[in-house]
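Reading through the structure tokens given below for one structure.
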Amino acid sequence: MRSGVTCHQINWQDGVSMVKSVTILGLESSCDDTAAAVVRANGPEISVLASVVYGQTELHAPFGGVVPEIAARAHAEKIDHCVEEALDRAEVSLSQVDAIAVTAGPGLIGGVLSGVMCAKGLSAGANLPLIGVNHLAGHALTPRFTDGAVFPYLMLLVSGGHCQFLLVAGHDDFTRLGGTIDDAPGEAFDKTAKLLGLAQPGGPSVERAAKDGEATRFAFPRPLLDRPGCDMSFSGLKTALLRARNALLEAQGGLTAQDVADLSAGFQAAVCDVLTEKSRRALTLFKERHPDTPPLLAVAGGVAANGAIRDGLTALSRREGAGFIAPPLGYCTDNAAMIAWAGLERYRAGQFDDLTLVARPRWPLDSQSAPMLGSGKKGAKA
Ligand code: KG4
Ligand code: ZN
């Protein structure tokens, strides 16, 4: 993980100039990554002084998915080391930190509790302000510290646990324009890999296999494209892939490398088409709501690492006259720099919590929109 990098300058937009430098320690433990990071703002200049991520992929690999109890135990074991390492790498002592920011939800409750309890202990012990951060806000605000994005912008959050379009108008002002009504695309990539005998996590291995494949050999559906709006669905696509695979198994008794490549390419092309067309619609909504603002589309989440999807969204943005931001991969996937950053934005706004801060398994960013139940089975997400 890169650290010590001075990121883009930020235009705070609210005219409030920061009189001193502010240093935030961030903690993240909502799914299967234990992470700690130190982020500093010195006027408009933002630096990630350290960003440490302890992944749990090997622990969960034998089970084919994240096991909440195993995740919670691993977070509890690792989080203190992770904090120490982040402070060491940043060459910052706790006395030089201005506040502790921690993911307080949404996510797997055991993991979220590990982070919240650790942050409360640090806050009480070192007498530092505590700031609870919504994990999704961390993702949604990432283009601010990686690329200096100014409000408002459109965010496509697409990972193993989330899939939604957010209109981000301020650090605490999110409007959900649509999202998956069932699975998240990352889950569908992981399931596809499992069905095709490819390694986990599935996204990168399906993408690799797809490179040698013929995307048009199988006619996979593009779910919900026939309906207006920005909602998406990926479970039918998973079923279509299962059927196509089973038909081959029945006919041939196995899958050739070319079959695996073609199935991967067909699946990836379908996900890519759905995300691109729904992004086009979300950009249209953005333009209607902010006719005087140059449109900007940003992505975050592990699936945003996919080259075909990035290419599709880059081309779409060009066609639509919109800017496009895809943050460096280490800041697209779960990390604590995004939590420290979101905490920093709350610190500036004077939004603090205290030791009554609660860990929340569900916590929709946009309280005005109805929660999408069942969206994302990898973790209990909003
Ligand atoms: O954001 P992330 O690290 O964790 C959460 O889900 O919160 O995303 C992980 C997901 C996994 O489902 C993984 O298969 C997917 O992102 N992923 C990809 C690629 N790299 C990771 N999906 C498609 N293409 C990729 N290259
Ligand atoms: Zn996440």
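List of remarks:
- Selection status of Gly64, out of contact with any strand residue (DSSP E or B) (no Cβ under 7 Å at 6 or more places or on another chain) and crowded, with 18+ Cβ neighbours inside 10 Å: no
- Residue identified as under 16 Å from Gly179 (Cβ atoms) and out of contact with any strand residue (DSSP E or B) (no Cβ under 7 Å at 6 or more places or on another chain) among Arg227, Arg217: Arg227
- Single unsatisfied condition, Gly115 versus (1) surrounded by fewer than 24 Cβ atoms within 10 Å (Cβ to Cβ); (2) in a helix (DSSP H, G or I): (1)
- Identity of the residue in the range 168-187, away from ligand 2 (no atom under 14 Å from the Cβ) and among the charged types (D, E, K, R), that ends up least open to solvent (accessible area, probe 1.4 Å): Asp183
- Just one of the numbered conditions (1) in contact with a Pro (Cβ under 8 Å, 6 or more places away or on another chain); (2) small (Gly, Ala, Ser); (3) open to solvent by 10 Å² or more (accessible area, probe 1.4 Å) is not true of Ala193: (3).
- Residue, most open to solvent (accessible area, probe 1.4 Å), within the range 14-61, restricted to residues that are at pLDDT 85 or above and in a loop (DSSP other than H, G, I, E, B): Pro44
- Residue in the range 237-251 that is open to solvent by less than 10 Å² (accessible area, probe 1.4 Å) and under 21 Å from the mean Cα position of the chain (by Cα) present: no
- Residue within the range 279-287 that is in contact (Cβ under 8 Å) with a residue 40 or more places away in the chain, over 22 Å from the mean Cα position of the chain (by Cα), open to solvent by less than 50 Å² (accessible area, probe 1.4 Å) and under 30 Å from Asp33 (Cα atoms) present: no
- Every test in (1) assigned to a loop (DSSP other than H, G, I, E, B); (2) within 29 Å of Asp14 (Cα to Cα); (3) under 18 Å from the mean Cα position of the chain (by Cα) is passed by Phe151 save one, and that test is (3).
- Only residues that are open to solvent by 10 Å² or more (accessible area, probe 1.4 Å), in a helix (DSSP H, G or I) and of a type outside the set (Asp, Glu) were counted across the range 293-347, and they come to 15.
- Taking each residue of the range 326-349 that is touching a residue at least 60 places away in the same chain (Cβ under 8 Å) and looking for partners that are of a type in the set (Lys, Arg) with beta-carbon atoms closer than 7 Å, six or more apart or interchain, yields Gly330/Arg2; Trp341/Arg144.
- Taken as a whole, the condition of being more than 12 Å from ligand 2 (Cβ to nearest atom), more than 21 Å from Lys78 (Cβ to Cβ) and open to solvent by 10 Å² or more (accessible area, probe 1.4 Å) does not apply to Phe165.
- Pairs linking a residue in the range 296-314 that is free of Cβ contacts under 8 Å to residues at least 40 places away in the same chain and more than 22 Å from Gln200 (Cβ to Cβ) to a residue that is more than 8 Å from ligand 1 (Cβ to nearest atom) and in a strand (DSSP E or B), with Cβ atoms under 6 Å and 6 or more positions apart or on different chains, are Thr314/Phe324.
- Residue check for Ala101: open to solvent by less than 20 Å² (accessible area, probe 1.4 Å) and away from ligand 2 (no atom under 16 Å from the Cβ): no
The values are calculated or read from the model by the stated rules, or taken from the named source; none is laboratory data. All values reported here derive from a predicted model rather than from experimental measurement. Heads up, the Cβs are rebuilt from the backbone with ideal geometry, glycines too, and the neighbour counts pull from every protein chain shown. Quick note on the areas: whole protein, heavy atoms, side chains included, nothing else; ligands and nucleic acids left out. Shrake-Rupley method; radii C 1.70, N 1.55, O 1.52, S 1.80 Å.
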